[in-house]
1. Say whether the condition of being in a loop (DSSP other than H, G, I, E, B) and in contact (Cβ under 8 Å) with a residue 40 or more places away in the chain is met by at least one residue in region 162-184.
2. Quick check on my filter: what residues within region 328-379 are among the hydroxyl-bearing types (Ser, Thr, Tyr) and either in contact with a Gly (Cβ under 6 Å, 6 or more places away or on another chain) or not in a helix (DSSP H, G or I) (or both)?
3. Considering only region 273-317, state which residues are at pLDDT 90 or above, open to solvent by 10 Å² or more (accessible area, probe 1.4 Å) and among the β-branched types (Val, Ile, Thr).
4. Give the residues of region 318-330 that are open to solvent by less than 10 Å² (accessible area, probe 1.4 Å) and of a type in the set (A, V, I, L, M, F, W, C), sorted by residue number.
5. Condition check: under 30 Å from Ile212 (Cβ atoms) and surrounded by fewer than 21 Cβ atoms within 10 Å (Cβ to Cβ). Does Ser431 satisfy that?
6. Please find, within region 150-189, the residue that is modelled with the highest pLDDT out of those that are of a type in the set (Asp, Glu) and over 12 Å from Thr442 (Cα atoms).
7. Considering only region 93-141, how many residues are under 30 Å from His407 (Cβ atoms), at pLDDT below 85 and either open to solvent by less than 10 Å² (accessible area, probe 1.4 Å) or in a helix (DSSP H, G or I) (or both)?
8. Taking region 257-267 as the region of interest, how many residues are exposed (fewer than 14 other Cβ atoms within 10 Å of the Cβ), more than 32 Å from the chain's Cα centre (by Cα) and not in a loop (DSSP other than H, G, I, E, B)?
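The values are calculated or read from the model by the stated rules, or taken from the named source; none is laboratory data. Here the structure is a predicted model, which is why all the values come from computation and not from measurement. When we count neighbours, we look across all protein chains shown, and the Cβ atoms used for this are built from the backbone with ideal geometry, even at glycine. When the accessible area is computed, the model is the full protein with side chains, heavy atoms only, and any ligands, DNA or RNA have been set aside. Shrake-Rupley method; radii C 1.70, N 1.55, O 1.52, S 1.80 Å.
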Amino acid sequence: MRESDPFFHRRKIKRFSFLHRTQKNLIVTGMGGSTSAAFSPSSSGSFFSSFCTSALRRKSHLRSGEVRTNHGEGLVRGLGLFELLLLGIGASIGAGIFVVTGTVARDAGPGVTISFILAGAACVLNALCYAELASRFPAVVGGAYLYSYTAFNELTAFLVFAQLMLDYHIGAASIARSLASYWVSLLELFPFLKGIFPSWIGHGGLEVFGGILSINILAPILLLILTVILCYGVKESSAVNSYMTLLKVIIVIIVILAGAFEVDVSNWSPFTPSGFKAVVTGATVVFFAYVGFDAVANSAEESKRPQRDLPIGIIGSLLVCALLYVCVCLVLTGMVPYKFLDEDAPLAQAFNAKGMQYVSVLISIGAVAGLTTTLLVGLYVQSRLYLGLGRDGLLPPVFAKVHPTRHTPIHSQIWVGCVAAILGGLFNVHSLSHILSVGSLTGYSVVSACVITLRWKDLASDQVSSRYISPWHEGVTCLLVVGCCGFAAGLFYRFNVSIVLLLIAVLIAILAGAALHVRQIYENPPGFACPGVPVLPIVSIFVNIFLFAQLHEEAWIRFVVLSIISIVIYAVYGQYNADPTGSEQTTIIYHRAPASDE
């Protein structure tokens, strides 16, 4: 009776899976592309050889419409193109449009508009790379983690996940605190509520133990509400995001139209008062106002028509955000001279100066709606990434469980909600903002590299090859050279080192890119194809790492320390439990959206 139970067999398979891997020849499609290597028990006996064998594994490329999971339940396909567009817009446009514009304009002047255009152009490069991979991998969640697992290896994928997760966790807690403060400010617009809220409810927090802890009650409550919505179902959470995103977009458009009649073009002169370098520096700051389009890629398993809708959702949402940002910058710097802009609430201050207080109320409502959608989508993306790692065995299987009726990764969703609630309720995470964005830039760079490596054809011995190194290793080496040159150029620019050294770094990157173009053969992928491969992804990698070099030094330390911790976690748990081949898993059928919703 027990032997007929499928769960009994599954447990038996799990128990002997690692022994099976070490006793049989293991095909590793790792750093050597499609090269196969057999490992005998004696060669994998040591910890180091076992670690290397596991770290270099690659995930097999699943067919469209197929997903593998241990738990027999998949996510429901309920997101159409319109919902995906609003998902990307909701993830990107938050309080940044009401705050960051003024902060950068104080330095760059009206040239902040160019800063947003430059940052948007850099993000378009990343978006095109994401769009191709989202079309190539339309079946499962994972985003940058999934792409790097398939293109490179298991350890690289786990490191990408860890860097992204720290960004997401700290970012969610920080946004929750800001949202709590905006909610209190909105409530205080009513005279009978003004001044009655203590600091530990919304504004900042109550500092205890010499500032080690900063207690905030409202932030965890807001996170709990959003977590419950996300656990309830994708259609419900998508509806909340859609309504709130439409509300904030309408408010932004009203702000632009109302402010356009108050623009004084003389305020735009000089357009770049501090020079073009201030504009470029501003671009590195506002770059992160566009972060969020990758949320669309992480919704692959819940998209109705992923191969068509994901690329449109990624690129379309980015272009809409760029247009709104540029219009807001032009209106803001045209209404008030840039020197007099408030750094905390520039839009509200600009309209108050023109006697348009009613617009300030709309701005407060728009800020609440913007932060709510940004937080909602951020929590959504985190849970899907945890779901992907749980399915692959790199995290405990509890993260892979999907609710049988709600079709949401309820355990992963509760976990990310609790982590954000603890951080947001007990710590002033705003002080950690200078170590954020490391994960985004790292993930974008790896995604751009994935586009290149997944396009490579296997080269025969009589084709382009190297005497001492395989074509695959040669290509990866060139990608690393491009990244190193981008970081070096960023440092030379940041610390005003000789322009000659900066040009040398750019020249070496160009030579490495030329080698990638000449010495590799590229094939066209099915579905959407990123144009200009390998040139466009190479430029994307260079720009991303250049911006990485502009981050605070503590961000670099965070990158190194977290990478070491991640390698230890992988060595202790991940390498023994991961199964990229799906040999221990079962294929499931997607849950389709109702016909009436198609």
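1. No, the conditions are met nowhere in region 162-184.
2. Tyr338, Thr373, Thr374
3. Ile312, Ile315
4. Residues satisfying the conditions are Leu318, Cys321, Val328, Cys329.
5. Yes: the conditions hold for Ser431.
6. Here the answer is Glu154.
7. Matching residues across region 93-141 total 4.
8. 3
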